[in-house]
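These notes concern the structure reproduced below.
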Amino acid sequence: MVYKEVYLAAQNDPEAFWMQQARKIDWVRPPSKALFDENAPLYEWFADGMVNTCWNAVDRHVEAGRGDQPAIIHDSPVTQSQATLTFRELQEATARLAGALQAKGVTKGDRVIIYMPMVAEALVAMLACARIGAVHCVVFGGFAAHELATRINDCAPKAIIAASCGIEPGRVVRYKPLLDAAIQQSGQKPEFCVILQREQETAELIPGRDHDWHEFQTGTPLADCVPVAGNDPLYILYTSGTTGQPKGVVRHNGGHLVALNWSMKNIYNIEAGDVFWAASDVGWVVGHSYICYAPLIAGATTIVFEGKPVGTPDAGTFWRVIQDHKVKSFFTAPTAIRAVKRDDPQGEFIGKYDLSNLQAVFLAGERADPDTIQWLEDRLHLPVIDHWWQTETAWAIAASPFGIEKMPIRKGSPSVAMPGYEVHILDEGGNPVAPGTLGAIAIKLPLPPGTLPTLWNAEARYLKSYLDHFPGYYETGDAGYVDEDGYLYIMARTDDVINVAGHRLSTGAMEEVLSSHPDVAECAVIGVADSLKGQSPLGFLCLKKGVTTSDEQIVKDVVRMVRDTIGPVAAFKSAVVVDRLPKTRSGKILRATMAKIADGEEFKTPATIDDPAILDEIGEALQTVGYPQKS
Ligand code: COA
Ligand code: AMP
């Protein structure tokens with residue numbers, strides 16, 4: 001079949017299409033039907049099936065004779081170590097940790113926060129939770145204590161599993177002080193913590209609350225896989241929204257299994273026994289779907305890479321890993337390729353490695369600029385496939401489905417909608433616009449299996465954030481257009497979310513931090529174009545009358561405050577003091593116009609602006625901090 005036929009099959013008879021895909025999953029009790037639409041516009045998939053995600057990702061492959069095949073390869077240039085876990089070893093490791101968690105009272109539906117760097121144990125912890133029906137919530141290591149505390153408060157975990165440290169180039173990131181501070185700040189206290197002590201840092205354990213990873217698992221029985229319902233949550237993953245309060249995206253077991261299994265073969269062309277590598281982090285959705293779950297569900301080998309695209313030790317790292325582990329499909333963010341290109345403009349490292357197993361490179365997480373794609377294609381002579389998705393969806397909304405058909409790529413476009421996604425471009429009034437016209441990107445409900453059914457403990461927010469604006473549609477928060485042939489072009493966000501080095505961040509959250517500075521009366525944060533990271537945040541500060549502290553000191557203060565409150569990953573490095581902010585007559589700050597001025601783009605003075613002269617002041621202030629940048 002070609003792409004078009006597959007897409008139409010899913011569109012014309014979604015029930016038959018997804019039930020057929022569901023047969024590729026081991027169910028304890030098969031679902032009676034695919035879509036549960038009784039509570040529309042809230043939809044669920046495979047709700048009455050009984051299943052276990054860990055069984056499907058691990059145990060069934062051992063049963064099928066893949067016990068000795070590598071399941072996880074940990075490749076860590078920052079610790080100069082490598083290790084492999086076979087499916088059999090992974091089964092034992094997850095059953096052991098799951099058994100120890102059970103022995104401490106963790107049971108189906110309990111939440112467990114996982115705060116770990118890129119070590120194989122992070123996947124073991126995720127799978128161990130899945131094994132006993134506990135709901136994991138992985139928190140990215142680059143977040144500060146406050147962000148961790150917000151998540152502890154929201155999901156009220158029974159336990160937290162953490163490591164003593166993560167390793168960033170040139171520094172050891174001590175996790176334990178961050179964890180202790182977060183628990184202290186939080187109103188919800190976990191009953192216990194399990195700490196993986198790494199040799200780079202031995203954390204001090206709090207007696208009675210903290211347990212050493214190894215001792216914790218000694219002498220407890222191995223746990224079997226606990227059947228859960230198709231609509232029981234597998235995990236919660238918090239992502240940035242418009243405010244400082246992150247959104248807890250809920251993932252159900254059944255639809256996630258079916259959709260991810262479909263995606264491995266049809267999008268990435270990966271089958272059991274192949275090696276797949278997503279160079280991301282377990283703290284992000286890419287890490288959940290394509291470092292942990294999907295490759296393992298498909299019986300493939302996954303790589304847990306603890307390093308950076310450059311500097312660990314050089315811009316050849318990606319190619320070395322692909323060679324050493326015979327990677328067949330590779331997934332990374334465009335920003336990582338831009339970093340490689342910056343350090344190795346001619347791509348000389350590429351020629352030093354045997355990349356004969358590699359069939360394609362997939363890019364996502366931010367817009368893939370055509371120059372970056374071209375640079376890579378010219379050097380690898382392989383398809384470089386941009387694809388578009390979100391934390392909310394867990395798998396690609398649009399892609400070129402490499403496992404179905406080698407479709408022509410149009411640079412600047414993540415290609416076409418995947419089965420189950422009916423993508424529309426709408427104007428402000430919710431009417432479809434003509435091809436080539438920019439609008440809000442919305443997806444006709446229901447979304448396909450695997451996508452979010454709701455937000456954790458926040459159904460009203462789910463409806464308000466995604467479903468209310470365009471009734472009958474899911475609002476993606478992205479703006480773009482579609483061409484005559486159905487190729488999508490994702491151009492910008494319609495909300496206050498920015499994308500820094502493939503990391504999704506909320507300018508609203510940063511503004512909350514800036515406005516807590518005692519000298520700041522008002523502020524705004526925008527995303528400005530950055531040739532490496534795609535975007536970087538820039539703050540504007542209006543100070544209170546009579547402030548005597550120097551502007552320089554206040555800027556330094558807020559930079560430190562964002563790092564301490566949100567974390568280094570926010571990459572908030574600069575701010576500028578201005579007298580006033582441009583606003584509409586109704587008081588809305590014109591962030592998009594400010595971003596255009598900073599990027600040196602043409603802009604129309606908004607008709608609703610209160611005082612157009614402020615835009616000149618903003619332009620002058622931006623020049624003092626080097627914007628627009630000279631290309
Ligand atoms: N734990 C602790 N700190 C972290 C961290 C983690 N897991 N990840 C990043 N940080 C820190 C970095 O050390 C850096 O700190 P610094 O300000 O002290 O230098 C800061 O957060 C910003 O990090 P980053 O945005 O990664 O910038 P960078 O300059 O260190 O590296 C790239 C730039 C492009 C090489 C890097 O961002 C990258 O590899 N990006 C790919 C992202 C990706 O895979 N995204 C997932 C979507 S698919
Ligand atoms: P996250 O939820 O962190 O995966 O971020 C999702 C957001 O990243 C999307 O809503 C887009 O704004 C952006 N994004 C992800 N992939 C792409 C892509 N291929 N092209 C353009 N933007 C993308």
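Taking the criterion of being in contact with a Ser or Thr (Cβ under 7 Å, 6 or more places away or on another chain) and buried (at least 24 other Cβ atoms within 10 Å of the Cβ), would at least one residue in the stretch 304-317 satisfy it?
no
Just to confirm my filter: which strands (runs of 3 or more DSSP E) fall fully inside the stretch 174-253 and include at least 2 residues that are of a type in the set (K, R)?
247-252
Filter the stretch 508-527 down to residues that are in contact with a helix residue (DSSP H, G or I) (Cβ under 8 Å, 6 or more places away or on another chain) and surrounded by fewer than 21 Cβ atoms within 10 Å (Cβ to Cβ), then give me how many there are.
So the count comes out to 4.
Those residues that are surrounded by 14 or more Cβ atoms within 10 Å (Cβ to Cβ) and part of a helix (DSSP H, G or I), I need them from the stretch 593-613; list them, please.
T593, M594, A595, K596, I597, A598, D599
Could you check V340 against (1) within 13 Å of ligand 1 (Cβ to nearest atom); (2) surrounded by fewer than 18 Cβ atoms within 10 Å (Cβ to Cβ) and say which number it fails?
Evaluating V340 over (1) within 13 Å of ligand 1 (Cβ to nearest atom); (2) surrounded by fewer than 18 Cβ atoms within 10 Å (Cβ to Cβ) leaves (2) as the failure.
Residue by residue through the stretch 270-307, note down the ones that are in a loop (DSSP other than H, G, I, E, B) and not hydrophobic (A, V, I, L, M, F, W, C).
Correct list: E271, G273, D274, S280, D281, G283, G299, E306, G307.
Only one of G287, G241, G316, G255 is of a type outside the set (A, V, I, L, M, F, W, C), at pLDDT 95 or above and farther than 21 Å from V58 by Cβ; which?
Every option except G316 fails the conditions.
Inside the stretch 606-626, can you point out the residues that are more than 17 Å from V555 (Cβ to Cβ) and small (G, A, S)?
Once the filter is applied, which keeps residues that are more than 17 Å from V555 (Cβ to Cβ) and small (G, A, S), the stretch 606-626 yields A607, A613, G619.
Of all the residues that make up the stretch 554-576, how many are part of a helix (DSSP H, G or I) and either in contact (Cβ under 8 Å) with a residue 12 or more places away in the chain or within 16 Å of ligand 2 (Cβ to nearest atom) (or both)?
Residues in the stretch 554-576 being part of a helix (DSSP H, G or I) and either in contact (Cβ under 8 Å) with a residue 12 or more places away in the chain or within 16 Å of ligand 2 (Cβ to nearest atom) (or both): 13 in total.
Looking only at residues in the stretch 226-248 that are under 23 Å from Y115 (Cα atoms) and among the hydrophobic types (A, V, I, L, M, F, W, C), which one is surrounded by the fewest Cβ atoms within 10 Å (Cβ to Cβ)?
So, considering only residues that are under 23 Å from Y115 (Cα atoms) and among the hydrophobic types (A, V, I, L, M, F, W, C), the one surrounded by the fewest Cβ atoms within 10 Å (Cβ to Cβ) is I236.
Using beta carbons and a limit of 7 Å, which pairs, at least six apart or on different chains, have the first residue in the stretch 496-514 and more than 13 Å from ligand 2 (Cβ to nearest atom) and the second one in a helix (DSSP H, G or I)?
What qualifies is M510/V562; M510/A570; V513/M561; V513/V562; V513/T565; L514/V558.
Pairs needed: first member in the stretch 614-631, surrounded by fewer than 18 Cβ atoms within 10 Å (Cβ to Cβ); second member anywhere, in a helix (DSSP H, G or I); C-beta distance under 8 Å; at least 6 residues apart or different chains.
Taking only residues 6 or more apart or on different chains, the pairs are G619/I597; P628/I597; P628/A598; P628/D599; P628/L622.
Go over the candidates G450, G430, G436 one by one and state the one that is surrounded by fewer than 17 Cβ atoms within 10 Å (Cβ to Cβ) and either within 14 Å of ligand 2 (Cβ to nearest atom) or under 27 Å from L363 (Cα atoms) (or both).
Residue meeting the stated conditions: G436.
So, of the residues in the stretch 353-382 that are away from ligand 2 (no atom under 15 Å from the Cβ) and in contact with a Lys or Arg (Cβ under 7 Å, 6 or more places away or on another chain), which turns out to be nearest to L447 (Cα to Cα)?
Among those residues, the one meeting the criterion is Q359.
Any chance the stretch 533-553 includes a residue that's part of a loop (DSSP other than H, G, I, E, B), buried (at least 17 other Cβ atoms within 10 Å of the Cβ) and at negative phi?
Within the stretch 533-553, one or more residues are part of a loop (DSSP other than H, G, I, E, B), buried (at least 17 other Cβ atoms within 10 Å of the Cβ) and at negative phi.
Here is a check on your reading of the model: is K556 within 16 Å of ligand 1 (Cβ to nearest atom), more than 30 Å from A398 (Cα to Cα) and basic (K, R)?
Judged against the criteria, K556 is a match.
State all residues of the stretch 218-272 that are within 23 Å of I152 (Cβ to Cβ) and among the polar types (S, T, N, Q); if no residue qualifies, say none.
T239, S240, T242, T243, Q245
How about the stretch 391-418: which of its residues are in contact with a Leu (Cβ under 9 Å, 6 or more places away or on another chain) and assigned to a loop (DSSP other than H, G, I, E, B)?
Listed by number, the residues that qualify are T391, E392, T393, A394, W395, I397, S413, P414, S415.
The values are calculated or read from the model by the stated rules, or taken from the named source; none is laboratory data. Nothing here was measured: the structure is a model prediction, and the numbers come from that model. No Cβ is skipped: glycine too gets one built from the backbone with ideal geometry, and neighbour counts run over all protein chains shown.
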